[in-house]
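Before any comments, here is the structure.
Since every read-out is calculated from the coordinates, none of them should be taken as a lab result. Quick caveat, the model's predicted, so the values are computed rather than measured. Every residue, glycine among them, receives a Cβ derived from its backbone with ideal geometry; neighbour counts consider all protein chains shown.
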Amino acid sequence: MISIGIISALALLLLALKIGGRKTIGNDIFVDVLITVTLMVCFYGTFSGMTAAMVGGLCASIVLFLLKKTMVHEKLTIEKKPIKFYKLDMSAPTLRWKEYQPDWRKTS
């Protein structure tokens, strides 16, 4: 039961990392909830299935936490881009992936 939860969580996490890579690590809360809910839907029906889903969700959460603390990751941010509209100077919001360094690499 515990091994099924861990293996299935690591399989879903590997799939998410293959699709998004650094973006998956940057959005760790969303990915963690998505993996946990997916496992709960897959193992619905028995107490041992729900236990496997919770163990798998915990495993995915721990791995994502460690990856975020040790690897470079990207987050989607909203930035203001200056534009000129007739004679007015305005700013328009733009979406951009911004790269973040891990905590251990930051210098104070």
Net dipole in debye of the chain [+1 Lys, Arg Cβ; -1 Asp, Glu Cβ; about Cα centre; nearest 20]: 580 debye
Extended-chain gain in nm, criterion 0.36 nm per residue less alpha-carbon gap, Met90 and Asp103: 1.2 nm
Scattering profile of the stretch 51-105 at q = 0.18, 0.27 Å⁻¹ [log10 I(q)/I(0), Debye over alpha-carbon scatterers]: -0.75, -0.97
Top positive-direction residue, dipole computed over the chain with Cβ charges, set Asn27, Gly45, Tyr86: Tyr86
In the chain, lysine pairs closer than 18 Å at Cα, eight or more apart or cross-chain: 15
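Counting pairwise Cα distances across the stretch 1-41, what percent come out greater than 13 angstrom?
51 percent
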May I ask for log10 I(q)/I(0) of the chain at q = 0.13 Å⁻¹, from a Debye sum over the Cα atoms as equal point scatterers with solvent left out? -0.59
